[in-house]
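To start, the structure under review is shown below, and the notes come after it.
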């Protein structure tokens, strides 16, 4: 037992409100409460049952080989991801079922059935073969959110060529680095895409990246915007010229369960991005099982994961998880609030969406606009809501549950990472009594716990610590591409024998997990380690606040002092009195030790294009340092706005 008396991270914020599953939902849930005991009693047997939901060309010889830190799942088994996601559904009579309802930002639409998807995937796969792509070759994909993006991914999987998707908002430099690291032989892109009413010049960035990526021999280009782009003879090929003339038939390549399905690079802030390796059988088992159970997928559901496919959320829960379960999904190209803040709600009404899965940052942005926008639309089709990304604060959870879900929809608050491939901590919507802000419990067959700095267990209810995973799981990363030493040092050395997630966490007395954010975001105030998430949750608990981010800044007395950056709701006029009120609200809610020393009102927060708050830039501003890398920001101008405001008003706001 640890000798530490003080917890590694203070557990200050408490949330007592509970929401049991609706009785009808519980009665018809895909996964019942007995799954937890079954997975505990027969770990490998549980995951074998999940794998049996897929079609295998050759059954595996063994479920798991665990040579820490390397796992192999379903050893000797052979399958094909594209076959499992498309072909088998057509063969089973589901060819006329809609796979994707697609809506472009300008309002253009397309509907693809599973038969349509099979035809287009096969044509694209044949085009790649014509261009010389072979099993094992890496293929870069740099595209907007159009149907050709999942088609390209599935085409790569059909022929066993690992794909390397790069988010369409990344720069040419970011694309180039990923293409060089993966040694991609081809790049699939588009002339452009639409975002906030503007045309993104993807082809220009692709040309710049490919010019210095020597392994790229061919570029396949979708004509999306038609704004006119240069084409390099011999290298560049229009999609409509080469794909559309291909055969509708393409045999799936039988690949080993551990065959590399894709690389996905995490966006590094201080170091080279890590190429996370995900393989075939275990990954598809994990995302298919979790998608089916956590979102309680039924045959008539219309499911919408409102992420971008360029992130792991899109890989797992827009493409591979939903398609493996023959789900009808929504695919939307544009910005959440373009041209008006009700764009999402109009899509839900139009397509009768029954399941919505999105990020807390988006929820808080909509919350800022108030109830009037969602109230314009009939969203009675919704039956389940989900969140993914940063931990969601209770007030945003409650607004989402009430204003979007009509107080009737369970909310599955999910925790996972690019590295984990699949959701690991989550409610089961027909089983779990929900607590706003808690991801609740590990999924059946997932072993997670919280430890202190010495790797000793932190007892439930005793405070916060470090989240670790103690058993392998099917969709886990198989390493960092070409860098095994970095894989060891990043995830496995901090706590020997355990995977270190890099997140703070507390487990309450009832065994519920509460994520506290990245451990890099923990502040040390007068010897107390305080999570940014808890202070932010206390701020957003105030009725005037829509969103908040807090960071620590150096302080000669307390070590660090808390600086809060606050966005108020649209009808509120912020002033010094409100700043003082917010400071006292935090003190009353979670304790005087967490009272912010500075509260600054801002129109927006610095966020990545995936919606994550970049607190390190706020720390730079608070410490009056030169700003770090801003290339992944959605709006690079916002940091200048905040910095100028901080410099002009800091003297008035410091207390």
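The values are calculated or read from the model by the stated rules, or taken from the named source; none is laboratory data. Only a predicted model underlies this, so the values are computations on that prediction, with no experimental measurement involved. Cβ: placed from backbone, ideal geometry, glycine included. Neighbour counts: every protein chain shown.
Residue under question is residue 617, and the condition is that it be within 29 Å of residue 17 (Cα to Cα) and without any contact (Cβ under 8 Å) to a residue 60 or more places away in the chain; does it hold?
Numbers: within 29 Å of residue 17 (Cα to Cα): no; without any contact (Cβ under 8 Å) to a residue 60 or more places away in the chain: yes.
Judged against the criteria, residue 617 is not a match.
For segment 321-392, which fully contained helices (runs of 4 or more DSSP H) count at least 1 residues that are within 17 Å of residue 404 (Cα to Cα) and either modelled with pLDDT under 95 or in contact with a helix residue (DSSP H, G or I) (Cβ under 8 Å, 6 or more places away or on another chain) (or both)?
Details: elements: 321-324, 343-351, 360-369, 372-375.
Passing ranges, in order: 343-351, 360-369, 372-375.
For residue 365, state whether it is over 30 Å from residue 93 (Cβ atoms) and within 21 Å of the chain's Cα centre (by Cα).
On the way: over 30 Å from residue 93 (Cβ atoms): yes; within 21 Å of the chain's Cα centre (by Cα): yes.
So residue 365 fits the description; yes.
Taking residues in segment 557-584 that are not assigned by TED's automatic domain parsing to the domain that holds residue 547, and partners anywhere that are in a helix (DSSP H, G or I), not one pair has Cβ atoms closer than 6 Å while being at least 6 places apart or on different chains. For residue 254, the requirement of being surrounded by fewer than 19 Cβ atoms within 10 Å (Cβ to Cβ) and in contact with a strand residue (DSSP E or B) (Cβ under 7 Å, 6 or more places away or on another chain) is met.
Could you tell me whether any residue of segment 526-538 is at pLDDT 90 or above, buried (at least 20 other Cβ atoms within 10 Å of the Cβ), under 24 Å from the mean Cα position of the chain (by Cα) and not in a helix (DSSP H, G or I)? Taking every residue of segment 526-538 in turn, none turns out to be at pLDDT 90 or above, buried (at least 20 other Cβ atoms within 10 Å of the Cβ), under 24 Å from the mean Cα position of the chain (by Cα) and not in a helix (DSSP H, G or I). Considering segment 193-298, the qualifying strands (runs of 3 or more DSSP E), each wholly inside and each with 1 or more residues that are modelled with pLDDT under 95 and more than 26 Å from residue 131 (Cα to Cα), run over 193-195, 198-200. Within segment 475-518, the only residue that satisfies the criterion of being part of a strand (DSSP E or B), closer than 17 Å to residue 265 by Cα and at pLDDT 95 or above is 480.
A quick yes/no check of all residues on (1) in contact with a strand residue (DSSP E or B) (Cβ under 9 Å, 6 or more places away or on another chain); (2) buried (at least 18 other Cβ atoms within 10 Å of the Cβ):
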| position | (1), (2) |
| --- | --- |
| 434 | yes, yes |
| 444 | no, yes |
| 452 | yes, yes |
| 496 | no, no |
| 500 | yes, yes |
| 508 | yes, no |
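Which residues, counting only those in segment 308-319, are in contact with a strand residue (DSSP E or B) (Cβ under 7 Å, 6 or more places away or on another chain) and not in a helix (DSSP H, G or I)? Of everything in segment 308-319, those that are in contact with a strand residue (DSSP E or B) (Cβ under 7 Å, 6 or more places away or on another chain) and not in a helix (DSSP H, G or I) turn out to be 309, 310.
Take the conditions at pLDDT 75 or above and surrounded by fewer than 20 Cβ atoms within 10 Å (Cβ to Cβ) and apply them to residue 623. Does it pass? Show your work before the answer.
Working: at pLDDT 75 or above: yes; surrounded by fewer than 20 Cβ atoms within 10 Å (Cβ to Cβ): yes.
Spelling it out, residue 623 is indeed at pLDDT 75 or above and surrounded by fewer than 20 Cβ atoms within 10 Å (Cβ to Cβ).
Among the residues here, residue 278 qualifies as closer than 21 Å to residue 188 by Cβ, buried (at least 24 other Cβ atoms within 10 Å of the Cβ) and in the same structural domain as residue 199 (by TED's automatic domain parsing).
Can you find even one residue in segment 22-43 that is over 18 Å from residue 426 (Cα atoms), surrounded by fewer than 18 Cβ atoms within 10 Å (Cβ to Cβ), at pLDDT 95 or above and under 25 Å from the mean Cα position of the chain (by Cα)? No, segment 22-43 contains no residue that is over 18 Å from residue 426 (Cα atoms), surrounded by fewer than 18 Cβ atoms within 10 Å (Cβ to Cβ), at pLDDT 95 or above and under 25 Å from the mean Cα position of the chain (by Cα).
Taking the stated definitions as given, is residue 186 surrounded by fewer than 24 Cβ atoms within 10 Å (Cβ to Cβ), over 25 Å from the mean Cα position of the chain (by Cα), closer than 26 Å to residue 259 by Cβ and modelled with pLDDT of 95 or more? Spelling it out, it is not the case that residue 186 is surrounded by fewer than 24 Cβ atoms within 10 Å (Cβ to Cβ), over 25 Å from the mean Cα position of the chain (by Cα), closer than 26 Å to residue 259 by Cβ and modelled with pLDDT of 95 or more. Does residue 419 satisfy being within 10 Å of the chain's Cα centre (by Cα) and part of a loop (DSSP other than H, G, I, E, B)? No. You will find that of 213, 209, the residue that is crowded, with 23+ Cβ neighbours inside 10 Å, over 24 Å from residue 318 (Cα atoms) and in contact with a helix residue (DSSP H, G or I) (Cβ under 7 Å, 6 or more places away or on another chain) is 209 and no other.
Among the residues of segment 224-233, is any in contact (Cβ under 8 Å) with a residue 60 or more places away in the chain, surrounded by 14 or more Cβ atoms within 10 Å (Cβ to Cβ) and under 28 Å from the mean Cα position of the chain (by Cα)? Walk me through it before giving the result.
So in segment 224-233, the residues in contact (Cβ under 8 Å) with a residue 60 or more places away in the chain come out as 224.
Subset that is surrounded by 14 or more Cβ atoms within 10 Å (Cβ to Cβ): 224.
Add one more test, that the residue is under 28 Å from the mean Cα position of the chain (by Cα), and what stays is 224.
Looking through segment 224-233, at least one residue is in contact (Cβ under 8 Å) with a residue 60 or more places away in the chain, surrounded by 14 or more Cβ atoms within 10 Å (Cβ to Cβ) and under 28 Å from the mean Cα position of the chain (by Cα).
Scanning segment 79-94 for any residue that is in contact with a strand residue (DSSP E or B) (Cβ under 8 Å, 6 or more places away or on another chain), surrounded by fewer than 20 Cβ atoms within 10 Å (Cβ to Cβ) and either outside any loop (DSSP other than H, G, I, E, B) or modelled with pLDDT of 95 or more (or both) turns up nothing. Can you spot a residue in segment 540-555 that is buried (at least 23 other Cβ atoms within 10 Å of the Cβ) and more than 21 Å from residue 387 (Cβ to Cβ)? Scanning segment 540-555 turns up at least one residue that is buried (at least 23 other Cβ atoms within 10 Å of the Cβ) and more than 21 Å from residue 387 (Cβ to Cβ).
Take the residues in segment 393-407 that are touching a helix residue (DSSP H, G or I) at 6+ places or on another chain (Cβ under 9 Å) and at pLDDT 95 or above, then tell me which one is nearest to residue 439 (Cα to Cα). Explain how you work it out, then say what you get.
Pass one, segment 393-407, residues touching a helix residue (DSSP H, G or I) at 6+ places or on another chain (Cβ under 9 Å): 393-397, 399-400, 403-404, 407.
Pick out the ones that are also at pLDDT 95 or above and you get 397, 399-400, 403-404, 407.
On the way: 397: 11, 399: 17, 400: 15, 403: 20, 404: 19, 407: 19 Å.
The selected residue is 397.
Taking segment 583-598 as the range and being over 21 Å from residue 621 (Cα atoms) and assigned to a helix (DSSP H, G or I) as the test, the residues that pass are 584, 585, 586, 587, 588, 589, 590, 592, 593. Which residues, counting only those in segment 139-177, are surrounded by fewer than 24 Cβ atoms within 10 Å (Cβ to Cβ) and under 18 Å from residue 214 (Cβ atoms)? Within segment 139-177, 172, 173, 174, 176, 177 meet the criteria. Scanning segment 200-249 for residues that are touching a strand residue (DSSP E or B) at 6+ places or on another chain (Cβ under 6 Å) and either farther than 27 Å from residue 122 by Cα or outside the structural domain of residue 123 (by TED's automatic domain parsing) (or both) yields 200, 227. Residues that are outside any loop (DSSP other than H, G, I, E, B) and more than 25 Å from the chain's Cα centre (by Cα) occur in segment 146-162; there is at least one.
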